[in-house]
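Taking it in order: structure first as structure tokens, then the write-up.
The values are calculated or read from the model by the stated rules, or taken from the named source; none is laboratory data. The structure displayed is predicted, hence computed values, not measured ones. Ideal geometry is used to build each Cβ from the backbone, glycine not excepted, and the neighbour counts take in all protein chains shown. The accessibility values were calculated without ligands, DNA or RNA, using every heavy atom of the protein model including side chains. Shrake-Rupley method; radii C 1.70, N 1.55, O 1.52, S 1.80 Å.
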Amino acid sequence: MSRNKALRLERVKQLPNVFDHASAPQGRWAEKVFDNTHPLVLEIGCGRGEYSVALAAQFPEKNFVGLDVKPLRIGQGATRAVEMNLRNVVFLQADARSLPRFFAPNEVSEIWLPFPDPQPDDEANRLISPPFLDLYAKVLQQGGRLHLKTDNELLFRYGYNLLKKHPGWKITLAVSDIQRLPPTHPVRKIRTYYEEKFAPAGIPIFYLAAVI
Ligand SMILES: C[S@@+](CC[C@H](N)C(=O)[O-])C[C@H]1O[C@@H](n2cnc3c(N)ncnc32)[C@H](O)[C@@H]1O
């Protein structure tokens, strides 16, 4: 690892709003991290955490945790949250497979999945797949919501068909182009790094929401 990268990683570790396996609580984030009783929203595969930061600014009455395996990415979101003085958003560097280690059953009210890697040949690593849906169901409260946003039509169709048949889930909204949603809807208002960088103008972006 270059010295520069080591320094950047060290800086991320020093941020007051970044947790990892060693420092994260095992459940009761509202009480232990945010010192309130507000609902908890997760962004999984958050990258630079655009959803966590923007939603935290918009919804001060909710708590947000952005989770990603890549520390330098979440460091960018965490730095932005510090600059914006947002107290209701933190980041967790961890693998989503460890969700039940960090979050208690029924602890989470919503999960956002913005632009997960499609992993066409590797279902086991696809953040929307039967094992991951079961993990999400473990931590989501009854009536809890999952949001999937993607530019990948195959992934969208896969997720849609999976949620239709996977026990417990009910799709509440599915659109093949987010332009059909009101301009104020978060999936239109908030654009991620991936979305800005790779989705060329005019390519439709798919979105679905489902409840458990
Ligand atoms: C295509 S990127 C999208 C990042 C961001 N949501 C965006 O739209 O810019 C997918 C992200 O998912 C993260 N990721 C993939 N598998 C993961 C896992 N099992 N646990 C946590 N993060 C994961 C990757 O590190 C990466 O940052």
Inter-residue pairs, beta-carbon under 6 Å, first without any contact (Cβ under 8 Å) to a residue 12 or more places away in the chain and in the stretch 122-134, second of a type in the set (Gly, Ala, Ser), 6+ apart: 123/129
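Table: residues versus (1) in contact with a Lys or Arg (Cβ under 6 Å, 6 or more places away or on another chain); (2) open to solvent by 10 Å² or more (accessible area, probe 1.4 Å); (3) of a type in the set (A, V, I, L, M).
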| position | (1), (2), (3) |
| --- | --- |
| 12 | no, yes, yes |
| 23 | no, yes, no |
| 30 | no, yes, yes |
| 65 | no, no, yes |
| 68 | no, yes, no |
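Taking the residues in the stretch 110-144 that are part of a strand (DSSP E or B) and open to solvent by 20 Å² or more (accessible area, probe 1.4 Å) as candidates, determine which candidate is nearest to the ligand (Cβ to nearest atom).
That would be 110.
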Residue count, the stretch 20-46 (criterion: farther than 13 Å from residue 103 by Cα and without any contact (Cβ under 8 Å) to a residue 60 or more places away in the chain): 7
Top-ranked residue in the stretch 40-63 [being open to solvent by less than 40 Å² (accessible area, probe 1.4 Å) and more than 14 Å from the ligand (Cβ to nearest atom); ranked as farthest from residue 30 (Cα to Cα)]: 56
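Based on what the data block shows, is residue 153 within 16 Å of the ligand (Cβ to nearest atom), surrounded by fewer than 17 Cβ atoms within 10 Å (Cβ to Cβ) and free of Cβ contacts under 8 Å to residues at least 40 places away in the same chain?
Details: within 16 Å of the ligand (Cβ to nearest atom): yes; surrounded by fewer than 17 Cβ atoms within 10 Å (Cβ to Cβ): yes; free of Cβ contacts under 8 Å to residues at least 40 places away in the same chain: no.
For residue 153, the condition - within 16 Å of the ligand (Cβ to nearest atom), surrounded by fewer than 17 Cβ atoms within 10 Å (Cβ to Cβ) and free of Cβ contacts under 8 Å to residues at least 40 places away in the same chain - is not met.
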Condition check for residue 80: free of Cβ contacts under 8 Å to residues at least 40 places away in the same chain and either part of a helix (DSSP H, G or I) or of a type in the set (A, V, I, L, M, F, W, C) (or both): yes
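So, of the residues in the stretch 160-212 that are among the aromatic types (Phe, Trp, Tyr), within 16 Å of the ligand (Cβ to nearest atom) and open to solvent by 30 Å² or more (accessible area, probe 1.4 Å), which turns out to be farthest from residue 109 (Cα to Cα)?
Applying the first criterion (among the aromatic types (Phe, Trp, Tyr)) to the stretch 160-212 yields 160, 169, 193-194, 198, 206-207.
From the residues that got through so far, the ones that are within 16 Å of the ligand (Cβ to nearest atom) too are 193-194, 198, 206-207.
From what is left, the residues that are open to solvent by 30 Å² or more (accessible area, probe 1.4 Å) are 193-194, 198.
Working: 193: 25, 194: 25, 198: 30 Å.
Out of the qualifying residues, it is 198.
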Selected residue [outside any helix (DSSP H, G or I), out of contact with any strand residue (DSSP E or B) (no Cβ under 6 Å at 6 or more places or on another chain) and of a type in the set (Gly, Ala, Ser)] from 209, 201: 201
Output for the stretch 70-109, where each listed residue is touching a Lys or Arg at 6+ places or on another chain (Cβ under 9 Å), within 8 Å of the ligand (Cβ to nearest atom) and open to solvent by less than 70 Å² (accessible area, probe 1.4 Å): 94
Residue within the stretch 59-68 that is in contact (Cβ under 8 Å) with a residue 12 or more places away in the chain and over 22 Å from residue 113 (Cβ atoms) present: yes
